[in-house]
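Following: one structure in structure tokens, then a few remarks.
The values are calculated or read from the model by the stated rules, or taken from the named source; none is laboratory data. On a predicted model such as this, the values are computed, not experimentally measured, just so you know. When we count neighbours, we look across all protein chains shown, and the Cβ atoms used for this are built from the backbone with ideal geometry, even at glycine.
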Amino acid sequence: MKRIYLSGPMTGLPDYNYPAFNAEAARLRALGYTVENPAENSAPTRDEWELYMRTALRQMLTCDAVAFLPGWKESRGANVEIELAQHLRIPVIQASGIVSPQEA
């Protein structure tokens, strides 16, 4: 597992939960992982949930694993991401459970 996609709640949360996404991305990068963080994506031309999800899903499909943040069960988008990952046999793990550095 080298490339990790972060999944979690954004809609309706203060600052879209970007601080939690960015903190987790920094932690995982410090452990040597390549992290795809949807909080770092540019906003689409129209502010529509579906457009954000299209970008996020393309991004997720480049990854070896999906790591979820707290509160994902209440997130429509995270549920879509995690269900799709499971159907595609992409490992899904709790982000905070990743504690070992990435091996070369």
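Numbers for the structure displayed
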| item | result |
| --- | --- |
| Meets criteria (surrounded by 12 or more Cβ atoms within 10 Å (Cβ to Cβ), out of contact with any strand residue (DSSP E or B) (no Cβ under 7 Å at 6 or more places or on another chain), assigned to a loop (DSSP other than H, G, I, E, B) and modelled with pLDDT under 95) for PRO70 | no |
| Residues of the range 1-49 satisfying the condition of being of a type in the set (S, T, N, Q), surrounded by fewer than 20 Cβ atoms within 10 Å (Cβ to Cβ) and either modelled with pLDDT under 95 or within 14 Å of PHE68 (Cβ to Cβ) (or both) | THR11, ASN17, ASN37, ASN41, SER42, THR45 |
| Hey, PRO44 under 19 Å from ARG76 (Cα atoms) and within 12 Å of the chain's Cα centre (by Cα) or not | no |
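Table: residues versus (1) in contact with a strand residue (DSSP E or B) (Cβ under 6 Å, 6 or more places away or on another chain); (2) on the phi < 0 side of the Ramachandran plot; (3) of a type in the set (S, T, N, Q).
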site: LEU13; (1), (2), (3): no, yes, no
site: TYR16; (1), (2), (3): no, no, no
site: ALA26; (1), (2), (3): no, yes, no
site: ALA30; (1), (2), (3): no, yes, no
site: TYR33; (1), (2), (3): yes, yes, no
site: GLU36; (1), (2), (3): yes, yes, no
site: GLU40; (1), (2), (3): no, yes, no
site: LEU51; (1), (2), (3): no, yes, no
site: ALA56; (1), (2), (3): no, yes, no
